[in-house]
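Structure first, then comments.
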Amino acid sequence: MPGPQHDPSAPTGGDGSTGPRTNWAGNHAYAAGRYVRARSLEEAQEVVRSSSKVRLLGTRHSFNALCDTEGTLLDLTGLAAEPVLDLERGTVRVAGGTPYNDVAAHLQAHGCALANMGSLPHISVAGATSTGTHGSGAANKILGAGVSRLELIGPDGELRTIARGEPDFAGSVVALGALGAVVSLDLDVEPTYDVRQDLYAHLRWSEVVERIDEVLGSAYSVSVFGRWNDADPTEVLVKTRTTDERGPAGWVGGTEAVPATTASLTLGAGDHITARGTPGPWSERLPHFRGDRQPSFGEEIQSEWFVPADSAEGALRAVTDLATASGGELAGLLIVSEIRAIRADDLWLSPAEGRETVALHFTWKREPEAVLAMVRRVEDALAPFAARPHWGKVYDRHEPADRPRLADFRALADRMDPAGTFRNVMVDRVLGTG
C-alpha cells in the first residue's frame, strides 16, 4: 500500500546544503549531515570517493532508517536516462533512480513488458530491487529476480559491474545498498500482454483464510485485502492475463465481481486506482495505483512479513487470534492488510529465498510508538513460522529467521566494502555486526 508521492520541493542542486528532512510517509527524520543530489555520474563517484559514510536515497519509500546515515545521503534520481532496450538479449537497461512507472511506459510503447510490478509504480528501480520489493502471484518472483546485470559505484568511487551467472551475483541484487551505489540495472523483458483485473467483495475473512492456497493460486496476480476479522469487509483483487485459459477465478463460488464503477471498501475510490473490469496493458493493470496520480493514503506506516507458503494458513490464524485478543487495539491502528503469494528464488537476502512464500502486509495509521508496540506483538505471533521482515518497512526483530545465506552476504559485504562506507547501524544489525 502506498504513501504520498515524492516531494517535488526536494532540492535539485548538488551542493549538499539542503535536502529532504523525512521519508515519504513522514515517520522517519533523516539524521544525515550532508545531502547531495548528483547532477552527473562523475559527481556521484566523487561524492562516494570523498565520503567516509554514504547511503543512497531514492523515492524515499522506506519506512525505517535503512536509507539513513550520519554521513552523506546521495540521491541519484537526477541521473535518470531513457531506458535502452536490447531485444536480442531480452533486456532493458535503466538508471537506478528511474521510477518503475517510467520504465513501464517506455516498454509498453515499444511492445515489451516486465513480468510483474509492485502495487505502487512510483518507486525507483534500484530502491525496490535492493530491498526485496515484490508484486503478487504464486508463479511470480520478487522484482529483483528480473535483474540480470548491475552497475555500481564502489567505495573507492570506481564503477564495477556484475551479471547473472557470475559469482556473488545472487548476493548483489537484494543488497540493502551495502555493496555500493547502483547506477544502472538490466531488467528482463518479454512481449507485451494485456491484463484484466476484477474485484470480488463481501467475502468472509475466515473462509478466505481456510482456502488461502486456492485463493492466492487462482490467477496470475491475486491480493487479499482485509482487517483480520469477519465483521469488516474482505476483498480479493484478481489480475488475469487475457491469454490465461483458466478464465475467471472459480473459488468465489459464483460471486460476481463488483462493477468497475463501484468503490473498493479497502482500496478506496477515485481515479488513482488502476482500471477494473476491462482488459488493458500490463503496465496499467498490474499496479494497484496509477503512476500519474497521487496514491490513496498519506500519513501511514507499513510493515510486512514473509512466511513459507505451506505455513500461510497457520500464520494467518495466529495474527487473526492476536487481532481478537487485542480487544480492538490492532484494528484501531490498522488501515488495511494485504496478503499476496510470491514464488521462491535464489537471491541471498530475498524474502522468498529458497521457499515458496506468502506475504502479510500491514498498512498502519501513523502512530509510531503504538505501531511499534503492536509490531512486536505481531512478530511474537509469527515467530513459530520463521517470518522474515521486509527490509524497508517497520519491524523490530533483527535475528536471522531462516536466512541460510546471511553469512555469505556478510562475507561479501566485508570483501566489497571492508571499511563499511555503505553501511549504517541498521545494516550492521541485519548483518549481526552491530
Separation in nanometres of the label points that stand 7 Å from Cα toward Cβ, at Asp402 and Asp380: 2.2 nm
Accessible-area composition of the chain, carbon plus sulfur, in percent [1.4 Å probe]: 50 percent
Accessible surface, the chain, averaged per residue in Å² (probe 1.4 Å): 38 Å²
FRET efficiency, Asn229 to Ser52 (Cβ-Cβ, R0 45 Å, nearest 0.05): 0.35
Selected from Ser40, Ser218, Ser283 as most flexible by GNM, with the chain as the system and alpha-carbon contacts under 10 Å: Ser40
Loop-located trypsin sites (Lys or Arg not before Pro) in the range 273-317 whose Cβ has at most 14 other Cβ within 10 Å (DSSP): Arg293
Unit charges at the beta carbon, dipole of the chain: most positive-side option, Leu176, Gly280, Ser148: Leu176
Structure-based [θ]222 nm, the chain - -39500 (n - 2.57) summed over DSSP H runs of at least 4, per residue, nearest 500: -6000 deg cm²/dmol
Charged-residue dipole, Cβ positions (Lys, Arg, Asp, Glu), the chain about Cα centre, Debye nearest 20: 380 debye
Distance (nanometres) between label positions extended 7 Å along Cα→Cβ at Thr192 and Glu329: 5.2 nm
Full-extension gain in nm, Glu207 to Arg39, via 0.36 nm per residue minus C-alpha separation: 55.2 nm
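The values are calculated or read from the model by the stated rules, or taken from the named source; none is laboratory data. Keep in mind that this is a model prediction, so the values were computed, not measured. Here Cβ is always computed from backbone atoms with ideal geometry, including for glycine, and neighbour counts include all displayed protein chains. Surface accessibility is based on the protein's heavy atoms, side chains included, excluding ligands, DNA and RNA. Shrake-Rupley method; radii C 1.70, N 1.55, O 1.52, S 1.80 Å.
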